[in-house]
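The values are calculated or read from the model by the stated rules, or taken from the named source; none is laboratory data. Since the model is a prediction, treat every value here as computed from it, not as a measurement. Counting neighbours? That spans all protein chains shown, and the Cβs are built from the backbone with ideal geometry, glycine included. These accessible areas exclude ligands, DNA and RNA; they are computed on the full protein's heavy atoms, side chains included. Shrake-Rupley method; radii C 1.70, N 1.55, O 1.52, S 1.80 Å.
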Amino acid sequence: MAQGYRQGADAGLDLDAWRRLVDGFHEAVVVCDPEGVVRLANPLAAVLFPEARPGAPATPHGRAQDLGGGWTAWYRGVEDFLERASQRLAVLTDRDETLRTVVELAPSDHPVVVVPGPRGRLEWWRRDGSDVAVARTARQVAGTVPGLLDVLDGSAPHAEITQPGAAPWGRPAGGGVAVSFEGHGALVSFGPARDVELLERFAERASAALDASTRFSEQEKTVETLRADLLPLPLPTLAGVRLARVYEPAHRRNLVGGDFYDVHPREDGSAAFVLGDVAGNGLEAAVHAGRVRRSLHTLLLVEQRPAQLLYLLNSALRAAGSRLFTTLVVGNLVPVQAGGLRVTLAAGGHPAPLVLRSGGRVDEVAVHGGIVGVLPEVKFQQTTVALAPGETLLIYSDGVTEARAHRDREDLFGDVRLKAALAECVGLSATAVAEHVRRVVFDWLGAAEHDDLTMLVVQAED
């Protein structure tokens, strides 16, 4: 038998006297022998030091007092427990993580947290030893436990639980007590150590943390849903065409920005495309970019000519009260039966697209037009470019040419470097072209911040 289990004089400590002393303390007290085995725990320790059970090795958290001979007493007050619990709960932003932590911290031998779940159901979070389990039931199950519904709804601050009903309590020991989460659930404590006042004070803090994390989780889900609608769609597969893209928002954490692109296939084998740039970056620009994309998608049902499409888009955005400038290139891709592509495009205030010819020459596509979405009288030009098999069209946002060097923030990447980088891509696939130009631009940037940076590569198949 371990040294720590000796009694009387051999133990080096009068445990009976200590027990009579600490049982009346308003603090949790645990006494450990020189081997770290718990020899004594007063009633409050069963609540505030649930891991410290007599006969088990433990190192409780709290104030330590050396009793001599290797023996140690640990103390923990209610206010200290509540303060530390509040600190742990305050930093949590995920609802499920908060519920799990509430169950782990609850001052109870066997705690169960009952809260409303999705579709009118109830969730039962309980601590079983060192694990936390969750069960989901219909709300009617709570009605089989006398008094529980009143606590869940907040019409009663607490209630004794004397009949388990059909609830998934796990393995409750004896009766229990339920305290309200301010009308948004309940904390139920089973076992001999049930301090209702302590449970209510803990439940007040836990309820506030759960309310905050639930709101935050709901906001995160809303943002994720909206963000998914703002993210560019995967590029389609088109006969006779190779497509690739680079999409690097300035705010990488949000994954969205003011740049956007879309390719819309048609049943006849042709496709419409767009690459645009809304003034600014971040969520406001991304929301406006989504508005422009949806407007274009609708207008494409009635108009396919690029210049006329931009004219209609300008009118539609102005009618909707647009306040942000948008530059963009729109066009049509038509595979040619003899090989190659015919590209008809128009631009509104956007950098000129570039064409990489088979011999390595880089041509600038001269297409002009005003900024879209703000001015009433805007004119747009339209032009057609022929791509022979293997030739490549590069459309890009000004985040590429205006990328600032990491060594000198006044030095921009510029048109000359972009054309040189594209000229190095002769014979490369569309994907390899996109990767090469991106690598050159980001080598220039280094780890420096950048604006939204987007490229669309269109290549006629060999």
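Taking the stretch 131-144, which residues are among the aliphatic types (A, V, I, L, M), more than 29 Å from GLU51 (Cα to Cα) and touching a Pro at 6+ places or on another chain (Cβ under 9 Å)? Reasoning before the result, please.
Quick first cut of the stretch 131-144, residues among the aliphatic types (A, V, I, L, M) only: 132-135, 138, 141-142.
Pick out the ones that are also more than 29 Å from GLU51 (Cα to Cα) and you get 138, 141-142.
Listed by number, the list holds a single entry, VAL141.
Scan the stretch 194-217 for residues that are in contact with a helix residue (DSSP H, G or I) (Cβ under 7 Å, 6 or more places away or on another chain) and surrounded by 20 or more Cβ atoms within 10 Å (Cβ to Cβ) and jot them down.
Step one: of the stretch 194-217, the residues in contact with a helix residue (DSSP H, G or I) (Cβ under 7 Å, 6 or more places away or on another chain) are 195, 198, 201-202, 205-206, 209-210, 213-214, 217.
The answer is LEU198, PHE202, ALA206, ALA209, LEU210, SER213.
Assigned to a strand (DSSP E or B), open to solvent by 30 Å² or more (accessible area, probe 1.4 Å) and under 24 Å from GLY77 (Cβ atoms) - does that describe any residue in the stretch 157-175? It would help to see each step written out before you state the result.
Quick first cut of the stretch 157-175, residues assigned to a strand (DSSP E or B) only: 158-161.
Going one step further and asking which of them are open to solvent by 30 Å² or more (accessible area, probe 1.4 Å), we end up with 158, 160.
Filter once more, keeping what is under 24 Å from GLY77 (Cβ atoms): 158.
The answer is yes; a qualifying residue exists.
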statement: In the set VAL329, VAL385, VAL367, VAL355, the lone residue that is of a type in the set (A, V, I, L, M), open to solvent by less than 30 Å² (accessible area, probe 1.4 Å) and part of a loop (DSSP other than H, G, I, E, B) is VAL367
- prompt: In the stretch 332-352, what count of residues is obtained for those that are closer than 16 Å to LEU309 by Cβ and either part of a loop (DSSP other than H, G, I, E, B) or among the basic types (Lys, Arg) (or both)?
  reply: 2
- line: For the stretch 358-378, pairs from a residue that is among the acidic types (Asp, Glu) to a residue that is in a loop (DSSP other than H, G, I, E, B) and open to solvent by 30 Å² or more (accessible area, probe 1.4 Å), with Cβ under 9 Å and 6 or more apart or across chains, are ASP363/ARG357
- prompt: Just wondering, is there one or more residues in the stretch 411-434 that are closer than 24 Å to LEU317 by Cβ, surrounded by fewer than 23 Cβ atoms within 10 Å (Cβ to Cβ), more than 37 Å from the chain's Cα centre (by Cα) and not aromatic (Phe, Trp, Tyr)?
  reply: no
message: Filter the stretch 291-332 down to the residues that are modelled with pLDDT under 90 and either over 19 Å from GLY257 (Cβ atoms) or not hydrophobic (A, V, I, L, M, F, W, C) (or both) and list them by number.
response: ALA320, GLY321, SER322, ARG323
field: Residue that is surrounded by the fewest Cβ atoms within 10 Å (Cβ to Cβ), among those in the stretch 435-462 that are assigned to a strand (DSSP E or B) and either polar (S, T, N, Q) or out of contact with any strand residue (DSSP E or B) (no Cβ under 6 Å at 6 or more places or on another chain) (or both)
entry: THR454
query: Got a sec? Which of LEU300, LEU309 is free of Cβ contacts under 8 Å to residues at least 40 places away in the same chain, in contact with a His (Cβ under 7 Å, 6 or more places away or on another chain) and farther than 23 Å from GLY399 by Cα?
result: LEU300
- request: Those residues that are under 32 Å from the mean Cα position of the chain (by Cα) and either of a type outside the set (A, V, I, L, M, F, W, C) or surrounded by 15 or more Cβ atoms within 10 Å (Cβ to Cβ) (or both), I need them from the stretch 134-153; list them, please.
  value: VAL134, ALA135, ARG136, THR137, ARG139, LEU152, ASP153
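Taking the stretch 106-133 only, how many residues are touching a residue at least 12 places away in the same chain (Cβ under 8 Å), surrounded by fewer than 20 Cβ atoms within 10 Å (Cβ to Cβ) and more than 12 Å from ALA186 (Cα to Cα)? If you could, list the steps in order and put the result at the bottom.
To start, the set of residues in the stretch 106-133 that are touching a residue at least 12 places away in the same chain (Cβ under 8 Å) comprises 106-117, 120-128, 132-133.
Right, trim to surrounded by fewer than 20 Cβ atoms within 10 Å (Cβ to Cβ) and you get 116-117, 120-121, 123, 128, 132-133.
With more than 12 Å from ALA186 (Cα to Cα) added as a condition, the list becomes 117, 120-121, 128, 132-133.
Matching residues across the stretch 106-133 total 6.
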- prompt: How many of the residues in the stretch 397-434 are assigned to a loop (DSSP other than H, G, I, E, B) and in contact with a Phe, Trp or Tyr (Cβ under 6 Å, 6 or more places away or on another chain)?
  reply: 3
message: Any residue that is open to solvent by less than 30 Å² (accessible area, probe 1.4 Å) and either under 24 Å from the mean Cα position of the chain (by Cα) or in contact (Cβ under 8 Å) with a residue 24 or more places away in the chain (or both) - is there at least one of those in the stretch 88-96?
response: yes
task: Return only the number of the condition from (1) surrounded by 21 or more Cβ atoms within 10 Å (Cβ to Cβ); (2) part of a helix (DSSP H, G or I); (3) of a type outside the set (D, E, K, R) that VAL179 does not satisfy.
output: (2)
Strands (runs of 3 or more DSSP E) within the stretch 21-86 that include 2 or more residues under 17 Å from ARG201 (Cβ atoms): 27-32, 71-77
